[in-house]
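Below is one structure, written out as structure tokens; the observations come after it.
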Amino acid sequence: MKRVSVIIPAYNAASKIDETIASVLDNISAEDELLIIDDCSSDETQGVVEKWLGSQVRYHCLQKNSGGPATPRNVGINLAEGEFISIFDSDDLMYAGKLDIAVNVLSSQPDLGLVFSDFHVIDEDSVVVEEYFLSKYDFIKKIKSNIQKNHCVIRCPQGLQQLAKANFIGTSGVMIRKSVLDECGTFDDELLNGDDYDLWLRISRRYSIAFIDRPLHGYRVGHQSISKAGAVRLGPSKIRVLKKQLRDPINNEFSLDIKRWISKNYALMAREFLYDGAKKLSIKNSLTSIKYFPNYEAFKILAMTIAGINLVNALKIVRDRAKNFMKKTSV
């Protein structure tokens, strides 16, 4: 058995995958392998990848585009020979020491299901535009005081509780035991998006997880990747992930946090439907958002849909002018 299988799902990734592969190969040892799973790209992805193929680098192309990252990720997992699985996006950059550090943490604590690390945000030119991205999350700020030997263990079910508040796990920062995937299942390939979050939730229900307090990859923004699309296309998958959690909530706080996220996704879809001129769908999604968790955004979209965007904007102007007038007359 190999040590680590790094899996890169790719779709029309020719412009960035060369740099990504080079960064991964700078990290792998003789015990590791890299699998590139092409989701039926229509660009030169295969041609770029072919020059890297060898005993440690394998390429597999799907016969039909799957429409999302879950299927190529699962194909890679099924082909993987490693004890540990590292999923890595085709436009991200792996930083020095990532694989060794993650393996050391998992090997030293057999009860861990997965580890994840901090990361930097990079632009199209691979320049860092935001450092230590996860430091903005309140929970990550809190646990940083408990860091020992570069990582902090998040005991089960605390990880699940906190993931209901926010998905603070970046896919390219994750390493998972393959045995854990055998037990918890792989990515849900019926989801167009949110398949990674769904898997983190499933794993954190059964296992403790660990945060590595070091940026071990660069997350690229601005590039057209395998998982980009609008709220109307991706929202249903995200909502499906969240609704599954309501079947077995661990407590009332968990349930409320999940409902907030469901409500937010319905509101995002309602807004997109509004600006696309689909008023009935906008009203339906606004009302559903309010049902799960009453919120200002959904009420505003509902009002804009029923009364018309121009009327609502005009009323806002009148309101603001009235406020200014009242301020002046009160002086």
| said: Anything in the range 95-132 that is open to solvent by less than 10 Å² (accessible area, probe 1.4 Å) and either closer than 25 Å to residue 62 by Cβ or acidic (Asp, Glu) (or both)? List them, or say none. | reply: 118
| field | Which listed residue, of 162, 158, is out of contact with any Lys or Arg (no Cβ under 8 Å at 6 or more places or on another chain), closer than 25 Å to residue 248 by Cβ and open to solvent by less than 50 Å² (accessible area, probe 1.4 Å) | value | 162
| assigned to a helix (DSSP H, G or I), open to solvent by less than 50 Å² (accessible area, probe 1.4 Å) and free of Cβ contacts under 8 Å to residues at least 40 places away in the same chain, is that true of residue 234? | no
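So that you can scan it fast, the table gives a plain yes or no per residue for (1) modelled with pLDDT of 95 or more; (2) of a type in the set (Ser, Thr, Tyr); (3) assigned to a helix (DSSP H, G or I):
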residue	(1), (2), (3)
244	yes, no, yes
260	yes, no, yes
264	yes, no, yes
273	yes, no, yes
281	yes, no, yes
288	yes, yes, yes
311	no, no, yes
322	no, no, yes
328	no, no, yes
| remark: Being among the acidic types (Asp, Glu), assigned to a strand (DSSP E or B) and at negative phi narrows 19, 83 down to just 83
| How many residues, within the range 1-32, are of a type outside the set (Asp, Glu), open to solvent by 30 Å² or more (accessible area, probe 1.4 Å) and within 12 Å of residue 46 (Cα to Cα)? | 3
| Does the range 204-213 include one or more residues that are closer than 30 Å to residue 294 by Cβ and touching a Leu at 6+ places or on another chain (Cβ under 8 Å)? | yes
| message | Within the range 274-289, does at least one residue satisfy the condition of being surrounded by fewer than 18 Cβ atoms within 10 Å (Cβ to Cβ), among the small types (Gly, Ala, Ser) and without any contact (Cβ under 8 Å) to a residue 24 or more places away in the chain? | response | yes
| remark: Selection over the range 178-202 where residues are over 15 Å from the mean Cα position of the chain (by Cα) and crowded, with 22+ Cβ neighbours inside 10 Å yields a count of 0
| request: Output yes when any residue across the range 43-54 is in a helix (DSSP H, G or I), open to solvent by 10 Å² or more (accessible area, probe 1.4 Å) and among the hydroxyl-bearing types (Ser, Thr, Tyr), and no when none is. | output: no
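The values are calculated or read from the model by the stated rules, or taken from the named source; none is laboratory data. Predicted model only: the values in this text are computed from it and were never measured. Every residue, glycine as well, gets a Cβ built from its backbone with ideal geometry; the counts of neighbours run over all protein chains shown. Accessible surface is based on the protein model in full, side chains and every heavy atom, while ligands, DNA and RNA are left aside. Shrake-Rupley method; radii C 1.70, N 1.55, O 1.52, S 1.80 Å.
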